[in-house]
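Participant: Below you will find the structure I want to go over with you.
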Amino acid sequence: MIRVLLVDDQSLVRQGVRTLLSLAETPFATDEASDGIEALERIDADRPDVVLLDLRMPRMDGLATLRALRNRPDPPPVLVLTTFDDDEAVLQALQSGAKGYLLKDVGLETLTDAIRTLHAGRTLVQPALTERIVQGLTRPRTDRDGEDPEWADEGTSPLETLTERETEIVRLMVAGWNNKEIARALDLTEGTVKNHVSRILAKLGVRDRTRAVLRAIELGWVRA
């Protein structure tokens, strides 16, 4: 049984998603909240496994809710489920801590697969959104000295330039693990993990962890 919290200010949307989930083969226990403030209260009280979160809501919107959750210990994974498909909204949500992003026009199978993916500790972004974002954010760039990234040579894949340890760390980053969690899992110091992450960003030609995750999605390291 996967416990899901539906957070949306429109009661018809909540009712529709709840009805949709009741048709799934996987059993879901669903609860509802009408805005971010109520969602935080429900999360503290009921500890849901996955949160489905709209972005535009009164009192406290989705981004503010994500940022509030990021500062709490062991927050549940959040799947943004919204009608807004602009690239900036996707990036802001991911940078604020969302583990997945889907549009509300998805079908039952896509939605339930996404919930299970987040429940399993992985990350998911709708492919149509990912393709647009990675085209604009993961082009080869020059570093501070004006040299090309290590993978910019023709015929060279970013994956080919990563060491076995760096590849392992990238996969944990994609799963949403922070440096402390990665260090504990791999029996490394946080400083060592931080150095690995810096080299990974340089090799992938991206500026931050969110773009690294999106690059990993583009390369097929994440099921989307």
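No lab work stands behind these numbers, since they all come straight from the coordinates. In this text, all values refer to a predicted model and were calculated from it rather than measured experimentally. With ideal geometry, Cβ positions are generated from the backbone for all residues, glycine too; neighbour counts draw on all protein chains shown.
Participant: Put a dot 7 Å past each Cα toward the Cβ at Lys104 and Val13; how far apart are the dots in nm?
Facilitator: The modelled label-to-label distance comes out at 0.4 nm.
Participant: Evaluate the distance, in nm, between pseudo-label points positioned 7 Å from the Cα of Ala24 and of Thr163 along their respective Cα→Cβ axes.
Facilitator: 4.0 nm
Participant: Fewest first, what order do Arg209, Arg215, Arg47 take by the number of other Cβ atoms within 10 Å?
Facilitator: Going from least to most buried by this count: Arg47, Arg209, Arg215.
Participant: How do Glu181, Glu166 rank when sorted from fewest to most other Cβ atoms within 10 Å of their own Cβ?
Facilitator: With the fewest neighbours first, Glu181, Glu166 line up as Glu181, Glu166.
Participant: Going by how many other beta carbons lie within 10 Å of each one, how would you line up Asp31, Asp8, Asp74, fewest first?
Facilitator: Lowest to highest Cβ neighbour count: Asp74, Asp31, Asp8.
Participant: Pulled fully out, how much extra length does the chain show between Leu186 and Arg56, if you take 0.36 nm times their separation in residues and subtract their Cα-Cα distance?
Facilitator: My answer for the length gained is 42.9 nm.
Participant: Want the number for Arg67 to Ala45: 0.36 nm per residue separation, take away the alpha-carbon distance, what's left?
Facilitator: Here the segment from Arg67 to Ala45 would lengthen by 6.1 nm.
Participant: Related question: If I stretch the segment between Ser198 and Arg116 completely, what's the gain in nm (0.36 nm per residue apart, minus their alpha carbon distance), one decimal?
Facilitator: That pair, Ser198 and Arg116, stretches by 26.5 nm at full extension.
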